[in-house]
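Everything on this sheet refers to the single structure shown next.
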Amino acid sequence: MSEVKWAVITTCAEPKRLVEAFIAHHLAIGAHEIVLFFDDPADGLAETFSQIPRVTCISCDAAYWTKRRPRKGRPSGHRQRQTHNAEYAARNLCESEWIAHIDVDEFLLARSVRSISEMLGRVPETLDAVRVLPAERMFAGSWLPGKMDLSGIFKLKPEWASDWGKELYGADLGELFPNGFQGHEVGKSFKRRRNREARLNIHFVRKDGENIPEHKVEQDEAVLLHMFPVSFEDWVGKYERRIDDPVYFNSMPDHAQKRYSIYRKARERSSEGTVRELFEALSVLPADSPARASRPGLFLRANLDVANNVQRLVRPYLSSAKFEHTSSPAPSPIPDNQRVFQIGMNRCGSKDISAMFGRRGMSYAHWDRGRIARNLRAAQAAEGKPFAGYENYQLLSDISYGSNGTDIYDGFYDFDYIAKFYRDSIFLLNHRPVDEWLSSRRKFRDGKYIAEHMAAAGICSEEAMLAKWAEDWQAHAENVRDSAARGDIRLIEYSLNTEKPFSLFARLEKMLRDRS
């Protein structure tokens, strides 16, 4: 039997780490083509991934939508954008026999068959649609804020429909989630490219408003691993996107509205702990779960080997635009209530954030060879207002400098001094998992960075320096959050690996409007 070629198409606006995992996984399991439509063109990821073999990246910017829909432009609904992009790619960009339309948090997985190609090769010639059922992810006992995690346990869709949710979640939540799934239960579809009359929908292949005849894949043959959620932040974002968009929320059936309303109630209690308790109840599978013990056949573990696949198949081809540490200044000074100060640790994506500001037409100054931090330090010595000369930059980021271990200054620690003079400005605490951040700092500048900090602090071992940095990280985050809780600063937190870039800018734009 000849190898069946297949492709995946997705429209995405996700963190870089999830996109690269999606690409790496599907290349590793034999995808002939991957077509990525980037719904947030300002995130810069289309260019980042554009050199990977067998991957096509399309930035869905204004020019794209003007060309694709000259009269109507960009569809307002994300589902309409997804289906439009999927069918455009299927008709014009793909050469594979079979084409799947899936989301970037969905990972195809062959089980009893050797490959997805073999699965598709078994489909009767008379059928032009194949549907793969979902297996929804749960954390296996523990999770960390800010951590993207693709491991865990996946629950399968039961053949019966009554009490699976109650076994998983208990009576109350089980009533709202009877089949045990937070996300979709019907799966996603492939279509044969030859059938140009049928169209790829969100879940099905349709013609004239009806689903065409399909082959439904048995779950022991292959599944669609749905990472619902990838992280705590991802889970929060999915629920808030549904309840905060009146059009989207009102379009859902009553039972779905009831499900998402439980998040609204938890949020209205003004307790992060209440939201986290709901997350754990729905997304974390305890080791002593009765459902896990009584129905082991409805769970599977999947070793996707994502880190290794990313290293082999994605990282060697990554490209990035040339980064300028300062953008063109704004034509006039930025009002203080429109200024943004990045006060997360360096090595936490400050360049990426600055570049995204620039692509959105917002001026920024990043590091500026240490001049921003020196300006702050000099202002403190003179007890004056800092950042003279930077009045025309909306964002100031990476407020630090260092010099051979003799003079090191991390100005983001002194955010409280900045706030004395910029009380109405916005402070941005960006972060990534601590272990990843420590590793990045340790490797930075081939080890010279950590050596300089060791010399400055009088510390003799890298391990001791890393321990001090970890303590500094925790103390800084607590100080920033305490200051925000007291009302001393206006704060936005941004988790680099687990939050969508457009969510950062949606919050930022709202805060800027509130003080304009």
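What number results when the radius of gyration of region 57-212, computed over Cα atoms, is divided by 2.2 N^0.38 Å?
Values: Rg = 18.5 Å, N = 156, 2.2 N^0.38 = 15.0 Å.
Region 57-212 yields a ratio of 1.24.
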Could you run the Karplus curve 6.51 cos²θ - 1.76 cosθ + 1.60 with θ = phi - 60° over region 32-38 and give me ³J(HN,Hα) per residue in whole Hz, x for Gly and Pro?
-> 7, 9, 10, 10, 10, 9, 9
Sorted on mean Cβ neighbours within 10 Å (highest first), peptides 172-182, 459-469, 125-135 come out as 125-135, 172-182, 459-469
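Treat the count of other C-beta atoms within 10 Å as a stand-in for reagent exposure and order Asp163, Asp414 from fewest to most.
Asp163, Asp414
Restricting to Cα pairs below 8 Å that are 6+ residues apart, what does the relative contact order work out to for the chain? Please round to a whole percent.
This gives 16 percent for the chain.
Roughly what % of DSSP beta bridges within the chain run antiparallel, to the nearest 5? Don't skip to the answer; put the middle values down first.
Details: 26 of 61 bridges.
Beta bridges within the chain, antiparallel portion: roughly 45 percent.
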Quick one: dipole size for region 6-315, taken about the Cα centre, charges +1 on Lys/Arg Cβ and -1 on Asp/Glu Cβ, in debye to the nearest 20.
-> 760
Taking Cα centroids, how far is region 293-354 from region 373-415 in Å?
-> 24
Assuming a ≥ b ≥ c are the square roots of the Cα gyration tensor eigenvalues, decide whether region 222-291 counts as rounded (a/c under 1.5), prolate (otherwise, with a/b larger than b/c) or oblate.
-> oblate
Lys/Arg Cβ at +1, Asp/Glu Cβ at -1, dipole of region 6-315 taken about the Cα centre: which of Ala100, Gly237, Pro145 is farthest positive-ward?
-> Ala100
Hz values of 3J(HN,Hα) by residue in region 416-424 - Karplus curve (6.51, -1.76, 1.60), Gly and Pro given as x = 5, 5, 4, 5, 4, 9, 10, 4, 8
Of the options Gln311, Thr83, His226, report the single residue whose Cα projects farthest towards the positive end of the charge dipole of the chain (beta-carbon charges: Lys, Arg +1; Asp, Glu -1).
-> Thr83
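What 222 nm value per residue comes from the helices of the chain, counting each DSSP H run with n ≥ 4 as -39,500 (n - 2.57) and dividing by all residues, nearest 500 deg cm²/dmol?
-11500 deg cm²/dmol, from helical runs alone.
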Name the lysines eligible as straight-distance cross-link partners of Lys265: C-alpha to C-alpha under 20 Å, and not fewer than 8 places from it in the same chain.
-> Lys238
Across region 336-514, qualifying lysine pairs (alpha carbons under 27 Å, at least 8 places apart or different chains) come out at 14
Positive-end residue, the chain charge dipole about Cα centroid, Cβ charges, pick of Phe190, Met454, Thr274 = Phe190
Dipole moment magnitude, nearest 20 debye, region 74-213 about Cα centre, only Lys, Arg, Asp, Glu C-beta charged = 580
List the residues whose amide H sits under 5 Å from the amide H of Phe387, counting only those 5 or more places along or on another chain, with H placed 1.01 Å from N in the peptide plane.
-> Leu376
Once you've got the Cα coordinates, tell me which of Lys67/Lys207; Lys147/Lys188; Lys16/Lys322 are over 22 Å apart.
-> Lys67/Lys207; Lys147/Lys188
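Would you mind computing the Rg to Rh ratio of region 336-514 from its alpha-carbon coordinates, Kirkwood style for Rh? Don't skip to the end; give the middle numbers.
On the way: Rg = 15.9 Å, Rh = 16.8 Å.
Radius of gyration relative to Kirkwood radius: 0.95.
Per residue Cα convex hull volume for region 345-410, in cubic angstrom?
On the way: hull volume 5.3 nm³, N = 66.
Spelled out: Cα convex hull of region 345-410, divided by residues, is 81 Å³.
As a test, work out the antiparallel percent of DSSP beta bridges whose residues both lie in region 336-514, rounded to the nearest 5. Before the final figure, lay out the partial values.
Values: 2 of 16 bridges.
Close to 10 percent.
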Residues in region 320-338 reached by a label modelled at Gln51 [backbone nitrogen below 18 Å; 7 Å Cα→Cβ] | 320-324
Full-stretch length increase - Asp254, Glu471 - with 0.36 nm per residue and alpha-carbon distance subtracted | 73.3 nm
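Here, each number is a calculation from the coordinates, and none is a lab measurement. Everything numeric here is computed off the predicted structure, so don't read it as measured data. As a convention, Cβ positions derive from the backbone with ideal geometry for all residues, glycine included, and neighbour counts pool all protein chains shown.
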